[in-house]
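Here the structure is laid out as structure tokens; the discussion comes afterwards.
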Amino acid sequence: MTMEFKTIAEVYAVNKKVGDRFREFAASISESEANAVIEGEPWTLAALVEHVAMVEAGIAKMCSRMIDGAKAAGTPSDGSFRISEGFSSALAANEGAKFEAPERVAPTGGVAIAESLARLDKTTAALAAMQADLEAYDVSAITFPHPYFGGLNAAEWIMLSGGHAARHMAQAQKLLEKVRA
């Protein structure tokens with residue numbers, strides 16, 4: 001089920017809550033738990049947090065470029081958020097699906113959770129700095145392809161980032177239960 005957003009501000013508010021919970025959870029994982037190899041699982045908890053930080057950094061980079069394009073076009077926005085039909089359909093079609101991370105965002109496995117969280121903090125600040133531009137400029141015409149959801153505009157990528165972190169936090173919680181069992 002996809003969350004309904006009416007404004008960019010709503011997307012950011014939900015993403016902040018998700019991000020805060022993700023950071024709090026990740027920071028609660030001990031070093032030994034973070035690096036424990038879990039039978040049947042391809043990633044450690046540290047690798048999972050590293051992946052989330054890598055994806056967020058990539059989203060920030062793409063969104064910055066798309067926002068620059070929207071600024072150059074100069075088409076104003078009223079700050080509302082409308083998910084495209086293509087993205088909405090792709091989300092519905094892929095609900096509950098298991099995805100394989102593209103190589104460019106596959107974790108190295110050698111990064112401590114604290115280091116990944118520091119990277120995530122920088123990226124979160126960069127994304128937060130984009131909010132005013134996302135509210136001021138229409139970004140709907142400029143897209144960048146997602147490997148599973150097709151072309152997404154900057155606002156949709158921002159929305160997806162919160163969902164991505166929430167999805168991986170749920171995964172990490174299950175992994176941590178296995179480590180602590």
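Residues in segment 94-121 that are of a type in the set (A, V, I, L, M, F, W, C), more than 16 Å from the chain's Cα centre (by Cα) and modelled with pLDDT of 90 or more: 4 in all.
Of all residues assigned to segment 66-76, at least one qualifies as being hydroxyl-bearing (Ser, Thr, Tyr) and in contact (Cβ under 8 Å) with a residue 60 or more places away in the chain. Here Lys61 clears all of (1) within 16 Å of the chain's Cα centre (by Cα); (2) touching a residue at least 12 places away in the same chain (Cβ under 8 Å); (3) not in a loop (DSSP other than H, G, I, E, B) except the condition numbered (2).
When Gly109, Gly58, Gly69 are screened for being out of contact with any helix residue (DSSP H, G or I) (no Cβ under 8 Å at 6 or more places or on another chain) and not basic (Lys, Arg), only Gly69 passes.
Taking the criterion of being farther than 16 Å from Leu152 by Cα and open to solvent by 80 Å² or more (accessible area, probe 1.4 Å), the residues of segment 78-95 that qualify are Asp78, Glu95. Of all residues in segment 1-28, those satisfying the criterion of being among the aliphatic types (A, V, I, L, M), surrounded by fewer than 17 Cβ atoms within 10 Å (Cβ to Cβ), within 29 Å of Ala132 (Cα to Cα) and at pLDDT 95 or above are Ala9, Ala13, Val14. For residues that are surrounded by fewer than 14 Cβ atoms within 10 Å (Cβ to Cβ) and touching a residue at least 40 places away in the same chain (Cβ under 8 Å), scanning just segment 98-108, find the one that is farthest from Ala53 (Cα to Cα). This residue is Phe99. Just a yes or no: is a residue in segment 29-52 assigned to a helix (DSSP H, G or I), in contact (Cβ under 8 Å) with a residue 40 or more places away in the chain and surrounded by fewer than 14 Cβ atoms within 10 Å (Cβ to Cβ)? Yes, segment 29-52 contains a residue that is assigned to a helix (DSSP H, G or I), in contact (Cβ under 8 Å) with a residue 40 or more places away in the chain and surrounded by fewer than 14 Cβ atoms within 10 Å (Cβ to Cβ).
Here is a yes/no grid of residues against (1) surrounded by fewer than 19 Cβ atoms within 10 Å (Cβ to Cβ); (2) charged (D, E, K, R); (3) under 22 Å from Gly86 (Cβ atoms):
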{"site": "Ala141", "(1), (2), (3)": "yes, no, yes"}
{"site": "His146", "(1), (2), (3)": "yes, no, yes"}
{"site": "Gly150", "(1), (2), (3)": "yes, no, yes"}
{"site": "Ala155", "(1), (2), (3)": "no, no, yes"}
{"site": "Ser161", "(1), (2), (3)": "no, no, yes"}
{"site": "Arg167", "(1), (2), (3)": "yes, yes, yes"}
{"site": "Gln171", "(1), (2), (3)": "yes, no, no"}
{"site": "Glu177", "(1), (2), (3)": "yes, yes, no"}
{"site": "Ala181", "(1), (2), (3)": "yes, no, no"}
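Within segment 125-134, the set of residues being open to solvent by less than 60 Å² (accessible area, probe 1.4 Å) and either under 18 Å from Gly79 (Cα atoms) or at pLDDT below 95 (or both) comprises Leu127, Ala128, Met130, Gln131, Asp133, Leu134.
The values are calculated or read from the model by the stated rules, or taken from the named source; none is laboratory data. Since we're looking at a predicted model, the values are computed, not measured. Cβ sites come from the backbone with ideal geometry, for glycine too, and all protein chains shown count toward neighbours. Heads up: the accessible areas ignore ligands, DNA and RNA and are worked out on the full protein's heavy atoms, side chains in. Shrake-Rupley method; radii C 1.70, N 1.55, O 1.52, S 1.80 Å.
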